[in-house]
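**Q** Please see the structure below; I have some questions.
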Amino acid sequence: MPQPYTLSDEEVFQQALQGEDELGLVMRSHIHIEANLLALLDALLASSKHLDKMNLEYSQRVHLAVALGLLPEYEAPLLAFGTLRNAFAHRPGTKLSKDRVNNLYACLSPKLKTLVRESHERARRKPGHEAVLAYNRLSPRDQLVFIAITLHALLEVAIKHAKATQ
């Protein structure tokens, strides 16, 4: 199972979000989110070595994580992110449209929507970023970045919580 993220891994994730194209952004951010999901399962299971032998798909891993204690409100957005990733992986020419990002955003609970918007507002308050647009006016790509950051972070918090309660 993958090891929990280190500071250098966090830097790699941030670089992935700055990828040159939509395909790279979706695929690389999904890879990092899935790595955190695997690290969470590793922290939640008494013996995770058997998990590898099960060859679970991403959606099955999400369901298992929820069954083991991940908050149910995280299930829909994680599954929706996997669906978005599959669209890019299996359909050449897929674009990151406003509708696709809005559909993903719609899967977020009110609490997660607030976290996405708070993340965006924190970024806007940084010196030199005052001209950043309001969240609703961002491009679909930039909106996806804030959603990916939120999903990635919530899994990191879940990993820390799982380890603390072992």
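**Q** How many residues are of a type outside the set (S, T, N, Q), touching a Leu at 6+ places or on another chain (Cβ under 8 Å) and part of a helix (DSSP H, G or I) when one looks only at segment 58-72?
**A** Within segment 58-72, residues that are of a type outside the set (S, T, N, Q), touching a Leu at 6+ places or on another chain (Cβ under 8 Å) and part of a helix (DSSP H, G or I) number 5.
Each row is one residue, and each column tells you yes or no for (1) of a type in the set (Asp, Glu); (2) crowded, with 16+ Cβ neighbours inside 10 Å; (3) under 23 Å from LEU115 (Cα atoms).
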| position | (1), (2), (3) |
| --- | --- |
| GLY24 | no, no, no |
| HIS32 | no, yes, yes |
| ALA39 | no, yes, yes |
| ASP52 | yes, no, no |
| GLY69 | no, no, yes |
| TYR74 | no, yes, yes |
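**Q** Mind counting the residues in segment 46-67 that are among the basic types (Lys, Arg) and over 17 Å from PHE81 (Cα atoms)?
**A** Count: 2.
**Q** A follow-up question, please. How many residues are farther than 19 Å from THR150 by Cα and buried (at least 19 other Cβ atoms within 10 Å of the Cβ) when one looks only at segment 83-115?
**A** Residues that pass the stated criteria total 1.
**Q** Considering each of ALA153, ALA162, ALA89, ALA123 in turn, give the residue that is of a type in the set (A, V, I, L, M, F, W, C) and over 23 Å from ARG28 (Cα atoms).
**A** ALA162
**Q** Quick check on THR94: is it of a type in the set (S, T, N, Q) and assigned to a loop (DSSP other than H, G, I, E, B)?
**A** When the stated conditions are applied, THR94 passes them.
**Q** For the structure I just gave you, tell me whether LEU144 is in contact with a Pro (Cβ under 8 Å, 6 or more places away or on another chain) and in a helix (DSSP H, G or I).
**A** So LEU144 fails the test.
**Q** So is ILE147 touching a helix residue (DSSP H, G or I) at 6+ places or on another chain (Cβ under 8 Å), closer than 21 Å to GLY24 by Cβ and modelled with pLDDT of 95 or more or not?
**A** Spelling it out, ILE147 is indeed touching a helix residue (DSSP H, G or I) at 6+ places or on another chain (Cβ under 8 Å), closer than 21 Å to GLY24 by Cβ and modelled with pLDDT of 95 or more.
**Q** Mind listing just one residue for me: the one in segment 121-156 that is closer than 30 Å to GLY69 by Cα and among the β-branched types (Val, Ile, Thr) and, of those, surrounded by the most Cβ atoms within 10 Å (Cβ to Cβ)?
**A** By that ranking, first place goes to ILE147.
**Q** Go through (1) surrounded by 14 or more Cβ atoms within 10 Å (Cβ to Cβ); (2) out of contact with any Cys (no Cβ under 6 Å at 6 or more places or on another chain); (3) touching a residue at least 12 places away in the same chain (Cβ under 8 Å); (4) not acidic (Asp, Glu) one by one and return the number of the condition ALA80 breaks.
**A** Only one criterion in (1) surrounded by 14 or more Cβ atoms within 10 Å (Cβ to Cβ); (2) out of contact with any Cys (no Cβ under 6 Å at 6 or more places or on another chain); (3) touching a residue at least 12 places away in the same chain (Cβ under 8 Å); (4) not acidic (Asp, Glu) is unmet by ALA80, namely (2).
**Q** On to the next question. Just checking, which of LYS163, LYS111 is assigned to a helix (DSSP H, G or I), of a type in the set (Lys, Arg) and within 16 Å of the chain's Cα centre (by Cα)?
**A** Just one listed residue meets the conditions, LYS111.
**Q** Which pairs do you get when a residue that is in contact (Cβ under 8 Å) with a residue 60 or more places away in the chain, found in segment 143-166, comes within reach of a residue that is of a type in the set (Val, Ile, Thr) and part of a helix (DSSP H, G or I), reach meaning Cβ atoms under 7 angstrom, with the pair 6+ apart or on two chains?
**A** Correct list of pairs: LEU144/VAL101; ILE147/VAL116; ALA148/ILE33; LEU151/ILE33; HIS152/ILE33; LEU155/ILE33.
The values are calculated or read from the model by the stated rules, or taken from the named source; none is laboratory data. All values derive from a computational prediction rather than experimental measurement. Don't worry about glycine lacking a Cβ; one is built from the backbone with ideal geometry, like all the others, and counts go over all protein chains shown.
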